[in-house]
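Structure first, commentary second.
Taken together, the values in this text are just the output of simple stated rules run on the coordinates, not laboratory data. Computed from a prediction, not measured in an experiment: that's the story for all the values here. Neighbour counts are summed over all protein chains in view; Cβ atoms, including those assigned to glycine, are modelled from backbone coordinates with ideal geometry.
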Amino acid sequence: MLCRGCCCGTTGKHPDTDHQQQADQLADAEGVALLVTECLGNCERSNTLVVLPSAAGRAAGGTVTWFGRILDPALTQAVADWAAGGGPGLAELPVLLRPHVQPPGRHLAKGGDADAITAAGHPAVLEPTA
């Protein structure tokens with residue numbers, strides 16, 4: 001899930017980030033389905049990406065993983081590579097991404113269930129296809 005709400009993806013907040021390149025980089029990642037969503041409520045930690053576990057990842061105990069401050073191509077590629085490599089439950093989280101793991105956005109923290117997000121129940125998902 002690539003947030004493109006009020007703060008994520010804006011040149012006003014992050015003028016040194018190529019937001020279109022970020023979206024293209026994720027969309028071009030083999031084995032990853034990218035969908036874009038409106039605000040996820042993590043504006044103070046934008047740009048936000050959320051990776052859902054695949055069915056196999058869920059079966060292996062993987063859960064939804066939220067990332068914040070993903071603002072450069074190396075971090076974007078690390079998220080894409082991790083998702084393509086199996087993502088939550090199937091692939092070890094890269095060291096580079098560990099400081100970027102964040103809690104769910106305010107919309108979910110106020111009573112929602114971050115693990116209940118599904119491709120059918122939310123307008124966007126960045127999910128491994130394996």
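Quick look at the numbers
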| item | result |
| --- | --- |
| Under 16 Å from the D24 label point (7 Å along Cα→beta-carbon), backbone N, segment 56-73 | 72-73 |
| Shape of segment 1-88, Cα gyration tensor, a/c cut at 1.5 | prolate |
